[in-house]
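Below: one structure, written as structure tokens.
The values are calculated or read from the model by the stated rules, or taken from the named source; none is laboratory data. Keep in mind that what you see is a predicted model, and the values were worked out from it rather than measured. We place every Cβ from the backbone using ideal geometry, glycine too, and count neighbours over all the protein chains shown. Keep in mind that these areas ignore ligands, DNA and RNA; they rest on the heavy atoms of the full protein, side chains included. Shrake-Rupley method; radii C 1.70, N 1.55, O 1.52, S 1.80 Å.
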Amino acid sequence: MRRHVFLDADGTIGEDGWFGAVIEAPTGVVYVQQYGGTACLQGRAEGYYVPLGAWDPATDRNTLRELREIFERDLKGTGLPGAPTGDLLTRIESAVEATVFWPSTPTANVDNTRTHLRLDESRLIDLDEAWIPIVTPDGPGVLLWCNSD
């Protein structure tokens, strides 16, 4: 039986209240997220939720602030009509790659040290505000935060 967890279902957590990723895995827990700005899309990802810090002291970058500037200020909260390209894609990719991630389980190929997220270029068509497909040392996932709408 699958369980559904609605991330900030009633919008009361607040815009700076959370930032994290769902790492896709067969857990039986499906996270549901409203994303896409005023498009109010509903995304679902089965896996486990990993809270993330938005600020990296090593680089003095605030990923959440950068992503919110892109989607809320520059794109005016309307979401994306398709896969991002050009400068927009470069800015999103840079912000994602600034996000620190700690692998959950050391393997032969990945030790248990901090790493950074990567944009999943094979799923760019799914990318939108508060729903960014990513690649992590733990596998594919989705980077999430509080949608602006």
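So the values come out like this:
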item: Candidates Thr85, Thr115, Thr12: whichever shows maximal mean-square fluctuation once the chain is modelled as a Gaussian network with Cα springs under 10 Å; result: Thr12
item: Residue with peak Gaussian network fluctuation, the chain [Cα springs, cutoff 10 Å], from Ala130, Ala39, Ala58; result: Ala58
item: Residue-wise HN-Hα coupling along region 78-95, computed from phi with Karplus coefficients 6.51, -1.76, 1.60 (Hz; x: Gly, Pro); result: 8, x, 10, x, x, 5, x, 9, x, 4, 4, 4, 4, 5, 5, 4, 5, 5
item: For the chain, convex hull volume per residue from C-alpha positions, Å³; result: 114
item: Rounded to the nearest 10 Å², the accessible area of Ser122 at probe 1.4 Å; result: 100
item: Karplus-derived HN-Hα couplings along region 56-68 (A = 6.51, B = -1.76, C = 1.60, θ = phi - 60°), whole Hz, x at Gly and Pro; result: 10, x, 5, 10, 6, 10, 10, 4, 4, 4, 4, 5, 5
item: Surrounding net charge for Gly141, when Lys and Arg each add one and Asp and Glu each subtract one, Cβ distance under 9 Å; result: -3
item: Dipole magnitude (debye, nearest 20) for the chain, charges at Cβ of Lys, Arg, Asp, Glu; result: 280
item: Of the trypsin sites (Lys or Arg not before Pro) in region 1-88, those whose Cβ has at most 14 other Cβ within 10 Å and which sit in DSSP loop; result: Arg2, Lys76
item: Mean Cα-pair separation over length for region 72-149, i.e. relative contact order, pairs under 8 Å, 6 or more apart, %; result: 27
item: Of Ala83, Ala21, Ala98, the one that fluctuates the most in a GNM where the chain has Cα springs shorter than 10 Å; result: Ala83
item: Cβ-defined net charge surrounding Gly86, 15 Å radius [Lys, Arg +1; Asp, Glu -1]; result: -3
item: Linear extension gain, Ala25 paired with Leu89, 0.36 nm per residue minus alpha-carbon span; result: 20.4 nm
item: Filtered GluC sites (Glu not before Pro), region 49-149: DSSP coil and at most 16 other beta carbons within 10 Å; result: none
item: Leading residue at positive end of dipole, the chain (Cβ point charges), from Gly17, Trp55, Gly79; result: Gly17
